[in-house]
Amino acid sequence: MESRTIIVRFRHTGEHFIVPVTSKTMIKDIIKYVCEKSIIQGKIDYNDYYLVLLNKEVVLDDDKTFEEITSHGIENPDYQVCMKTSKLGEIVDLFRTFLVTVP
């Protein structure tokens, strides 16, 4: 099984990560790797994030392998981990509540 690395951006923090992958690496493992290496590790749950192939504006299925997504045939793929909208909405609501309660 051939190993390689990909560059993945973490939209939440602006960080970039060099992620080791093989053809059998699951998309959720890439997301988990980024979340665990981030400066905000321990404060986030990787299940609240998804991986996007920005070149094609495609959200990648967590249960697919890296081999399955490389079939897009893009020379320089641009990957980004983003927060799921429902979780982002919860954070915005909490922030608004906090602002209302601050004297």
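General observations
- Sparsely packed loop sites in the range 2-45 (the GluC sites (Glu not before Pro) outside DSSP H, G, I, E and B with at most 10 other Cβ atoms within 10 Å) comprise 2.
- Our note on the geometry: Cα centres of the range 45-70 and the range 1-34, 10 Å apart.
- Derived scalar couplings between HN and Hα for the range 46-58 equal 4, 5, 8, 10, 9, 9, 10, 9, 5, 4, 10, 6, 10 Hz in order, rounded to whole Hz, by the Karplus curve 6.51 cos²θ - 1.76 cosθ + 1.60 (θ = phi - 60°), x for Gly and Pro.
- Residues of the range 34-66 falling in the label zone of residue 3, defined by backbone nitrogen less than 13 Å from a point 7 Å along Cα to beta-carbon, are absent.
Readers should treat all values here as calculations from the given coordinates under stated rules, not as data from a laboratory. Note that the coordinates shown come from a computational prediction; the quantities given were computed from them, not determined experimentally. Cβ: placed from backbone, ideal geometry, glycine included. Neighbour counts: every protein chain shown.
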